[in-house]
1. Assuming a ≥ b ≥ c are the square roots of the Cα gyration tensor eigenvalues, decide whether segment 81-183 counts as rounded (a/c under 1.5), prolate (otherwise, with a/b larger than b/c) or oblate.
2. Of the listed values [x] 115; [y] 173; [z] 124, identify the label whose number matches volume of the Cα convex hull per residue in Å³ calculated from this model.
3. Take peptides 109-118, 61-70 and line them up by average Cβ neighbours within 10 Å, highest first, as a rough protection proxy.
4. Run the quick spin-label model on R122 and T37: label points 7 Å from Cα toward the beta carbon, then report their separation in nm to one decimal.
5. Can you work out the FRET efficiency for the pair T143 and S94, with r the C-beta to C-beta distance and R0 = 41 Å, to the nearest 0.05?
6. For the chain, what does the relative contact order come out to in percent, with C-alpha contacts under 8 Å and a separation of six or more?
7. Under 5 Å between amide H atoms, partner at least 5 residues away or on a different chain: which partners does S52 have, H built in plane at 1.01 Å?
8. So what is the accessible area of the chain per residue, in Å², with the probe set to 1.4 Å?
Amino acid sequence: MTFRPLKAAALAAAFVTPALVLAQSATTTPAAVQAGTYGVEPYHTRVLFAVSHLGFSTWYGEFTGASGSLTLDPAKLGESQVDITVPAASISTSNAKLDDELKGDKWFDVAKYDTIRFRSTRITRTGANSADIAGNLTLHGVTRPVVLKARFNAAGVNPLDKAYTVGFEVSGDIKRSDFGVTTYVPMVGDDVHLIISAAFEKKVA
């Protein structure tokens, strides 16, 4: 099948137009973000993790199906709050056999500890588009304080679902042994790097 130039141009426009609309409507200025209460947009929110595997390579995985809320006021960032929960059983490494092992009682024991939760206690601005988020992480039945670093991406009306959306990139480091997940330490690394790509949609009053 051969595309004629006109048909190819129309197809390209179908993909490009939403991006252009978003570029025109979105803001990358934190002060311009709408204050209010937001809910996690689960389809575009991912919790990724990376850990050393025997020192030879870095092993990656993710959790999906996040839920939770963000109360945001750019003018009073210190009073803003975030509360996110992810189902532990959503863990995925692209290896089904390994995923089943990780869900078992030697690792995450998802039958007993079915959720992972982060609740902020303090948000501190560190730059024009960045902040430190201190909070409590509950994993494998253990709750410990952690600090995550957040970078504001953009906010605006999503051209696909028309919802006002705000997005962040968040990262941090934890030791899994602090949460009682000690299998194969230190062969499989104790230090875990987290990357959270977070999208929130503003709730309509």
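The values are calculated or read from the model by the stated rules, or taken from the named source; none is laboratory data. Predicted model, so just to flag it, every value in this text is computed and none were measured. FYI the Cβ positions are ideal-geometry reconstructions off the backbone, even for glycines, and counts take in every protein chain you see. What goes into the accessible areas is simple: the full protein's heavy atoms, side chains included, and nothing from ligands, DNA or RNA. Shrake-Rupley method; radii C 1.70, N 1.55, O 1.52, S 1.80 Å.
1. Judged from the Cα gyration tensor, segment 81-183 comes out oblate (a/c at least 1.5, b/c at or above a/b).
2. [y]
3. In descending order of packing, they fall as 61-70, 109-118.
4. 2.6
5. 0.90
6. For the chain, the relative contact order is 23 percent.
7. It is W59, G189, by chain and number.
8. Heavy-atom accessible area per residue stands at 59 Å².
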